[in-house]
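Trainee: The structure's right below; bear with me while I get my questions together.
No value in this document is a laboratory result; all are computed from the given coordinates. Here the structure is a predicted model, which means the values were calculated and not measured.
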């Protein structure tokens, strides 16, 4: 799995901190905003939304089916990317509207600010 996500990035986005916000379909009734409860692998997470909790796999687009979770990143120009794999310091991405990084490229991520052609910022609540 590599370096796991730091526990400060996990947990309820309604509390204090900068937890990673995700979009997930945990029950087959459509995607909703939620948060990561636990990391099960670089591509699988235990996720909670208003509909419940489930282990979901990352998809590189909007979460459209039960058991899917989407994590988005933003580059310094405001372009967005879907994460295909994530670890504690880097992620592999697929471009949505972003153009600074190519599909599958491994890029550093953080919670404070993106740097041109170097890093992206994760969506936090």
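Trainee: For the chain, evaluate the Debye formula with one uniform point scatterer on each Cα (no solvent term) and list log10 I(q)/I(0) at q = 0.11 Å⁻¹, rounded to two decimals.
Mentor: At q = 0.11 Å⁻¹ the computed log10 ratios are -0.32.
Trainee: As a test of understanding, state the convex hull volume per residue of the stretch 10-79 from its alpha carbons, in Å³.
Mentor: Taking the convex hull of the Cα positions in the stretch 10-79, it is 90 Å³ per residue.
Trainee: Which residue fluctuates most in the GNM of the chain (Cα springs below 10 Å): 21, 105, 39?
Mentor: Highest fluctuation among the options: 105.
Trainee: If you average the C-alpha positions of the stretch 87-125 and of the stretch 1-76 separately, how far apart do those two centres end up, in angstrom?
Mentor: Each part reduced to its Cα centre gives a spacing of 16 Å.
Trainee: Mind telling me which of 60, 80, 99 comes out most flexible in a GNM of the chain, alpha-carbon contacts under 10 Å?
Mentor: Judging by the Gaussian network model, the answer is 99.
Trainee: Now a separate question. Where is the GNM fluctuation largest for the chain (alpha-carbon springs, 10 angstrom cutoff): 112, 102, 76?
Mentor: Largest GNM mean-square fluctuation: 112.
Trainee: Among the DSSP beta bridges whose two residues both lie in the chain, what percent are antiparallel, rounded to the nearest 5?
Mentor: Counting DSSP beta bridges with both partners in the chain, the antiparallel share is about 85 percent.
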